[in-house]
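Values in this text are rule-based calculations from the coordinates and carry no lab data. Remember, predicted model here, so these are calculated numbers, not experimental data. Every residue, glycine among them, receives a Cβ derived from its backbone with ideal geometry; neighbour counts consider all protein chains shown.
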Amino acid sequence: MRIDPSVYGEGLADIYDLIYPETPEAGMAAAFVRDRTPEGGSVLEFGVGTGRIALPMADLGLRVHGVDASQRMLDVLMEKAGDREITSALGDFTTVDCGGVHDTVLIAINTLFMVPSQEQQIACFENARRHLKDEGRLVIEVYEPTRFHSLPTGMDTMVQHLDRESLLLCSIQVDKVNQIAALGQAYLRSGELRKTPEISRYAWPAELDLMARVAGMRLVERYEDWLGSAFEHRSHRHISVYEPVTV
């Protein structure tokens, strides 16, 4: 399956902050990463977007390097960054070479699932490991896929009210065999209609742990939120932390 990884960001860069507005959760995520990173340390974020988590991480004293497949997303990020210690690079998470290693690698808000095959997701883990110090940590936030996988018809529709004048309609079609959720997003505002496709190749927590082992890492923490609540059978997402396995 070949998908241009820039399509999602290029189509939504100017409204991304409307879809994912500033909330206390971004600060919680930044604090979670800060607590697992040496003081003043370096964080590499795959899928940095417009800086929802990168900006508060920098405000907490971390040095942030963000990678995204969309140049429009990065342009918005750097405009917002001001004099914060944030750098950015355009690239594919599975192959990008940022040079050097970092204390922490962050892959948040389901970004890993936007990599459209198991093989490429393993490559993403491997690339994260290449950019990680031996004592570093990889932090991943993704949804727990039971809800999508259990849809009786394999289809669903969601409506998100962005503000008084705009809506985001999301239709979902699930291929359970290949663990693919195909999302069609339609943005409506004052007569404007914009459509953006998204392919989410979901994976179960145990599968992610196996991918990490293939890439030379192991699970050390897993929670259902950034505050450290226990992950259990009713959890809708998880934050998982991996460390390199060194000999």
> Over what distance in Å are the Cα centres of the stretch 98-150 and the stretch 12-59 separated?
Replying inline: 15 Å
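What is the sum of charges around Gly27, taking Lys and Arg as +1, Asp and Glu as -1, for the other residues whose C-beta is under 14 Å from the C-beta of Gly27? Don't jump to the answer; show the numbers that get you there.
Numbers: positive: Arg34, Arg52; negative: Glu22, Glu25, Asp35, Asp59, Asp225.
Once positives and negatives cancel, what remains is -3.
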> Under the rule of -39500 (n - 2.57) per DSSP H run of 4 or more residues, summed and divided by the residues of the chain, what mean residue ellipticity at 222 nm is obtained, to the nearest 500 deg cm²/dmol?
Replying inline: -7000 deg cm²/dmol
> Is the stretch 33-99 best put as rounded, prolate or oblate by its Cα gyration tensor, with a ≥ b ≥ c the root eigenvalues, rounded for a/c under 1.5, and otherwise prolate when a/b is larger than b/c, oblate when not?
Replying inline: oblate
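With the contact rule set at Cα under 8 Å and sequence spacing of 6 or more, what percent relative contact order holds for the chain? Don't skip to the answer; put the middle values down first.
Numbers: 513 pairs, mean separation 42.4, N = 247.
With pairs under 8 Å counted, the relative contact order is 17 percent.
Normalising by the residue count of the stretch 1-134, find the relative contact order in percent from Cα pairs under 8 Å and 6+ residues apart. Kindly include the intermediate steps, with their values, before the conclusion.
On the way: 224 pairs, mean separation 34.6, N = 134.
Relative CO of the stretch 1-134 lands at 26 percent.
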> From the phi of every residue in the stretch 238-247, what ³J(HN,Hα) in whole Hz does the Karplus formula 6.51 cos²θ - 1.76 cosθ + 1.60 yield, where θ is phi - 60° and glycine or proline is x?
Replying inline: 8, 10, 10, 10, 10, 10, x, 9, 10, 9
>> Which of Val33, Val174, Val48 ends up with the largest GNM mean-square fluctuation for the chain, with Cα atoms connected below 10 Å?
In response: Val174
>> Just want the ordering: Trp226, Trp204, from fewest to most Cβ atoms lying within 10 Å of their own Cβ.
In response: Trp204, Trp226
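Using the C-alpha gyration tensor of the stretch 147-199, what are the square roots of 5 times its eigenvalues, in whole angstrom, with the largest one first?
Semi-axes, largest first: 25, 11, 7 Å.
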> By a straight-distance test (C-alpha under 28 Å), which lysines pair with Lys80 as possible cross-link partners, with residues fewer than eight away in the same chain excluded?
Replying inline: Lys195
>> Skipping prolines and chain starts, which residues have an amide H placed within reach, meaning under 5 Å, of the one on Ser117, given they are 5 or more residues away or on another chain?
In response: none
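Among Phe148, Phe113, Phe46, which comes first, second and so on when ranked by fewest other beta-carbon atoms within 10 Å? Write out the running numbers ahead of the final one.
Working: Phe148 20, Phe113 23, Phe46 27.
Neighbour counts put them in this order, fewest first: Phe148, Phe113, Phe46.
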>> Two decimals, Cα atoms only, Kirkwood Rh: what is Rg/Rh over the chain?
In response: 0.94
>> How would Glu126, Glu22, Glu45 line up from fewest to most surrounding beta-carbon atoms within 10 angstrom?
In response: Glu22, Glu126, Glu45
>> Could you give each residue of the stretch 217-228 its phi-based ³J(HN,Hα) in whole Hz, using Karplus coefficients 6.51, -1.76, 1.60 with θ = phi - 60°, and x for Gly or Pro?
In response: 9, 9, 6, 10, 8, 8, 9, 8, 8, 6, 8, x
> Build a GNM of the chain with springs between Cα atoms under 10 Å: which of Ser70, Ser190, Ser150 gets the top mean-square fluctuation?
Replying inline: Ser190
>> For a quick check: with amide H placed at 1.01 Å from N, whose amide H comes under 5 Å from Asp225's, ignoring anything fewer than 5 positions away on the same chain?
In response: Ile239
>> Could you derive backbone 3J(HN,Hα) for the stretch 154-167 from the dihedral phi with the Karplus parameters 6.51, -1.76 and 1.60 (θ = phi - 60°), listing whole Hz in sequence and x where the residue is Gly or Pro?
In response: x, 9, 7, 9, 10, 10, 10, 7, 7, 7, 5, 10, 9, 10
> All other residues with a Cβ under 13 Å from the Cβ of Arg147 taken together, and with Lys, Arg as +1 and Asp, Glu as -1, what is their net charge?
Replying inline: +1
